[in-house]
Amino acid sequence: MTDGIATMIECDRYRVMRAVQSYSTFTPENDPHGEHDFGSFEIAGERFFWKIDYYDRRYKGGSEDPSDPEKTARVLTVMYAHEY
């Protein structure tokens with residue numbers, strides 16, 4: 001999570017993390033490749049994003065094959081939309 005999410009009061013941070021965990025609003029418009037690696041939602045009038053990035057196992061760059069767990073480390077980031 002970003003610094004903005006980390007500094008939220010615990011009950012608000014909990015709501016955001018629950019929204020990420022239960023996110024299922026994937027459509028052809030927001031998930032054109034069917035990868036389910038990005039989402040956005042609103043809570044109390046505030047917009048949030050989450051995204052998954054695919055790094056090589058040493059976190060030096062992008063994975064050469066994101067579908068191969070032997071070559072890929074996945075990182076989930078949760079943030080306020082204005083932090084993107």
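Of all residues in the range 39-84, which are of a type in the set (A, V, I, L, M, F, W, C) and under 16 Å from the mean Cα position of the chain (by Cα)?
F41, I43, F48, F49, W50, I52, A73, V75, L76, V78, M79, A81
Among the residues of the range 18-40, write down those that are hydrophobic (A, V, I, L, M, F, W, C) and within 24 Å of P66 (Cβ to Cβ).
Matches in the range 18-40: V20, F26, F38.
Tell me yes or no: at least one residue of the range 9-22 is in contact (Cβ under 8 Å) with a residue 12 or more places away in the chain, at positive phi and not acidic (D, E).
No, because not a single residue in the range 9-22 is in contact (Cβ under 8 Å) with a residue 12 or more places away in the chain, at positive phi and not acidic (D, E).
Just to be sure I understand, how many residues within the range 1-54 are within 11 Å of Y80 (Cα to Cα), in contact with an Asp or Glu (Cβ under 9 Å, 6 or more places away or on another chain) and among the hydroxyl-bearing types (S, T, Y)?
Number of matching residues: 1.
Computed from the coordinates by the stated procedures, all read-outs in this text should not be read as laboratory data. Here the structure is a predicted model, which is why all the values come from computation and not from measurement. Note that we place each Cβ from the backbone using ideal geometry, even for glycine, and neighbour counts take in every protein chain shown.
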